[in-house]
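Since the structure comes first, as structure tokens, the remarks are kept for the end.
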Amino acid sequence: MTEGGTALVRVWDPIVRLIHWLLPVMIAACWATAGDGPETLHQAAGLAAGVLVGLRLLWGVVGPRQARLSGFLRGPRAVLTHLRALRQGRAPRHLGHDPAGGALALALLACIALTALSGWLRSVAGIPQAGALEILHEAAAMATLGLAALHVGAVILASRRQGESLIAAMIDGRKRAE
């Protein structure tokens, strides 16, 4: 497939893209209903976010090559090397997630999962540490918000550096071929 003479390749499949866009909707619903909002809507959106994380992790094991966690998760050394190369303006372009982006994606999924799990545990009757769970839930929610902001900033910077819209790529699933 080409666009304006440039070869395009499919990078992200519809399931990855759907989960990617539904997660911020569920998180926004959770933030909008936290505290003063309808508790049942908050719980439903949190549960949906947790289920979406679970589906993404499952798809990361059984899905196509670009969706697989093994395709974009690298060790700390690769992440640090990539960050150094970025700072020096020598980082290579990656068709999917670069090492830092993969680490950020995993951290974001982990924080969303921790927020959903701690929220679910808080809603279960008979949990004696409700105070500790509430603190954990709110800390994980704040970490999720911070990581989401970092993700958006990184996408904007990478789009500028690579000369292509990563947002458009996450909508239609295609990027410029390497």
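The values are calculated or read from the model by the stated rules, or taken from the named source; none is laboratory data. All values derive from a computational prediction rather than experimental measurement. In this analysis, Cβ positions are derived from the backbone assuming ideal geometry, glycine residues included, and neighbour counts consider all displayed protein chains. Just so you know, the surface numbers come from the protein's heavy atoms only, side chains and all, with ligands and any DNA or RNA stripped out. Shrake-Rupley method; radii C 1.70, N 1.55, O 1.52, S 1.80 Å.
Along the Cα-to-Cβ line of ARG87, 7 Å from the Cα, sits a label point; which residues in segment 136-166 have backbone N less than 18 Å from it? Backbone N within reach: 154, 158. Between the helical axis of 99-123 and the longest alpha-carbon principal axis of the chain there is an angle of about 20 degrees. Using the alpha-carbon positions of segment 1-135, Rg (one decimal) and Dmax (whole number) come out as 18.4, 63 Å. About its Cα centre, the dipole of the chain is roughly 980 debye, where the only charges are +1 on Lys and Arg Cβ and -1 on Asp and Glu Cβ. Hey, with R₀ at 25 Å, roughly what FRET efficiency would LEU58 and ILE167 work out to, going by the Cβ-Cβ distance, to 0.05? After rounding to 0.05, the efficiency reads 0.50.
Taking every pair of alpha-carbon atoms in segment 6-52, give the share separated by more than 16 Å as a whole percent.
Everything past 16 Å amounts to 46 percent.
On the beta carbon distance between ILE135 and GLU39, with R0 = 30 Å, the FRET formula returns roughly 0.95. To the nearest ten degrees, helix 76-87 and the longest principal axis of the Cα atoms of the chain are 60 degrees apart. With all protein chains kept in place, the per residue accessible area of the chain amounts to 58 square angstrom at a probe of 1.4 angstrom.
What is the magnitude of the charge dipole of segment 41-125 about its Cα centre, with +1 placed on the Cβ of each Lys and Arg, -1 on the Cβ of each Asp and Glu, and no other charges, expressed in debye to the nearest 20?
I would put it at about 400 debye.
Each of HIS82, ILE27, ILE171 was placed along the dipole of the chain (beta-carbon charges, centred on the mean Cα), and the one lying farthest toward the positive end is HIS82. When all C-alpha to C-alpha distances in segment 36-88 are sorted into bins of 10 Å, what percent of pairs does each bin hold, rounded to whole numbers? The distribution over segment 36-88 is 22, 25, 27, 20, 7, given as percents.
As an exercise, take the mean of 1/r over every pair of distinct alpha carbons in segment 76-178, invert it, and state the Kirkwood radius in angstroms.
15.7
Element breakdown for segment 1-70 at a 1.4 angstrom probe: carbon and sulfur atoms account for 70% of the accessible area.
In the calculated pair-distance distribution of segment 53-115, the portion above 18 angstrom amounts to 39 percent of the Cα-Cα pairs.
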